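Remarks on the structure that follows.
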Amino acid sequence: MNKYRRLLQNVGLFALNTVATKLISFLLIPLYTTYLSPGMFGVTDMAATVITLVTPLATLSIGDGLVRFLIEDSEHQKAYTTFSFMLTLISCLIVALLLPVLDMHIFGGLGNYKLLFWITYSTNAFLSYLGNLARGLNKIKLIPISSIASSAVVCITAVVFIAKMKMGVNGYFYSLIVGSIVGMAVYLIVGHPYRLFLSQPSFRGDKQIWRAMLLYSLPLIPNTLFWWIGSSINRFFITAMIGISASGLYAAASKIPNILNLIYGIFQQAWNLSAFQEAKHEGAEHFFSVTFKLLNAVTVVASSGLILISPWLAKLLLQKQFFAVWPLIGLLVVAFYFNTLNAFYGSIFTSSMKTKHLFTTTGLGAAVSILFTWLLIPHIGLSGACLAMVVSNLSVLIMRIAVSRTIMTFKISWRYTISSIIILMVQAGTTAIRPSIVLPVSVICLASIILIEFCNCLPLLRAGASKLLIRRASKQ
């Protein structure tokens, strides 16, 4: 039971971290949609999209390798830490040289904010580096402290810069920069990581170590690239075909389904650590099977519930002309749901050190995303971008399930899982096509999914109750 207890402890710590980052950014949506026009909001979303793409490419995804190798090899922590620091620093120089690219039309005016974009990228890259360092060194308690401090500052400064001082997009960048600086200060003052990355590395002796890190991290670059294409390339299609204002509307609609990322993000960071630690141990298949069943039950029920309340959330969060896109939320929720399952299956590849499978499966999703986005947007507009995202993420999921069986086989009750997925897709489709009848349909769908998942998890609940009774009896 230690592995489950450790997972729950890490989930609790990462919950604080995720709530601090995701929830505060979620609560800022009304501020952004009130004081920013769709075009301005589109620029801020474009900046976030580009940073998400550039970070793993410029840093060679070394952050993932840093966590993985710090956990597995405590003897060479200085070498891993120093190498990752150097690559992060070099990435800032690379991004600075590429700033003129932002003047292209497909970036929707982001080129007008080059310097602020670069500072935002640099502070975010080093904040991410320090966070990965804390994870690898098992200083998990430090992560939520930094995130809470950083997010609180972002929230306060966003209100000051955007609402009070009317600084628009500039205010958005300023708030992110100040927040990242505060988050880094927490890591440096409390965690003292500079003792590692300022130590003198042995360049000759460390070459083999660095080579091993790159062999692990480099296959993650195309995986991240294709993941980004599958989830974010539609921003560029929307901007080019419909305009930056339409991209802003799409970005606003995406914010509500991001609640799923809040739920899954709490779990995923802790799960990655547990997957690394338990993948080679006896009983790993059962551990993965139990975790998947519980994870899927919570996520699919949460997805259905989110679609049910989406009209009211939209009224609360999407102000002015942004509210008109709320019927798209259902499709985006389904896409995000598939993405959580993709991430779970991805942990099988990373924990087994077979990251090349991430590349091939995500590459398929990227190709599907590009094809369907290009085909559907001219005919059904923003709905086409949402539907393309659903098809892309589902394609990746199917392929990852097939490939993962060559690495690890664990039991899944497919009749329950597929039934829940079908009902969820019916609910989302009804929301997009007939939003006037979304309430009764959503209530029926949610009730059905809850019943199905309860039946699916009932054996686990019975087993857990039996163990609890036996434990209590043994103590008496």
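Points worth noting:
- Of all residues in the stretch 90-112, those satisfying the criterion of being crowded, with 20+ Cβ neighbours inside 10 Å, assigned to a helix (DSSP H, G or I) and in contact (Cβ under 8 Å) with a residue 60 or more places away in the chain are F107, L110.
- Of the set (1) open to solvent by less than 80 Å² (accessible area, probe 1.4 Å); (2) modelled with pLDDT of 90 or more, all apply to I450 but (1).
- When the stretch 306-340 is filtered for residues that are under 17 Å from L439 (Cα atoms) and among the small types (G, A, S), the ones remaining, listed by number, are S310, A314, G330.
- For the stretch 35-89, a residue qualifies if it is buried (at least 24 other Cβ atoms within 10 Å of the Cβ) and not in a helix (DSSP H, G or I), and exactly one does: S61.
- Applying the condition of being within 25 Å of F236 (Cβ to Cβ) and open to solvent by 20 Å² or more (accessible area, probe 1.4 Å) to the stretch 113-142 and asking which residue is modelled with the lowest pLDDT yields S128.
- Matching residues, the stretch 161-177, being over 17 Å from K114 (Cα atoms) and touching a helix residue (DSSP H, G or I) at 6+ places or on another chain (Cβ under 8 Å): F161, I162, A163, M165, K166
- Residues being assigned to a helix (DSSP H, G or I) and either under 19 Å from N261 (Cβ atoms) or open to solvent by less than 30 Å² (accessible area, probe 1.4 Å) (or both) - total across the stretch 317-335: 13
- Flag for S310 being of a type in the set (S, T, Y), over 14 Å from L394 (Cβ atoms) and part of a helix (DSSP H, G or I): yes
- Filtered by the rule that a residue be part of a helix (DSSP H, G or I) and open to solvent by less than 30 Å² (accessible area, probe 1.4 Å), the stretch 404-434 gives S404, T417, S420, I421, L424, Q427, A428, G429, T430, T431.
A quick yes/no check of all residues on (1) closer than 29 Å to E75 by Cα; (2) surrounded by fewer than 24 Cβ atoms within 10 Å (Cβ to Cβ); (3) charged (D, E, K, R); (4) at pLDDT 75 or above:
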| site | (1), (2), (3), (4) |
| --- | --- |
| Q200 | yes, yes, no, no |
| D206 | yes, yes, yes, no |
| I209 | yes, yes, no, yes |
| L215 | yes, yes, no, yes |
| L218 | yes, yes, no, yes |
| W227 | no, no, no, no |
| S232 | no, yes, no, no |
| F237 | no, yes, no, yes |
| I244 | no, no, no, no |
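- Among the criteria (1) buried (at least 18 other Cβ atoms within 10 Å of the Cβ); (2) at pLDDT below 70, the one Q277 does not fulfil is (1).
- Enumeration of residues in the stretch 113-143 that are assigned to a helix (DSSP H, G or I), over 17 Å from I177 (Cβ atoms) and of a type in the set (A, V, I, L, M, F, W, C): L133, A134, L142, I143
- Yes/no for T299 being modelled with pLDDT of 85 or more and of a type in the set (S, T, Y): yes
- For the stretch 379-393, taking the residues that are at negative phi and among the small types (G, A, S), the one that is most open to solvent (accessible area, probe 1.4 Å) is identified as S383.
- A366 meets all of the listed conditions (1) at pLDDT below 85; (2) farther than 24 Å from I238 by Cβ but one, namely (2).
The values are calculated or read from the model by the stated rules, or taken from the named source; none is laboratory data. The shown structure was predicted, so the numbers you read here are calculated from the model rather than taken from an experiment. Cβ: placed from backbone, ideal geometry, glycine included. Neighbour counts: every protein chain shown. Each accessible area value is taken on the protein alone, full model and side chains, heavy atoms only, with ligands, DNA and RNA left out. Shrake-Rupley method; radii C 1.70, N 1.55, O 1.52, S 1.80 Å.
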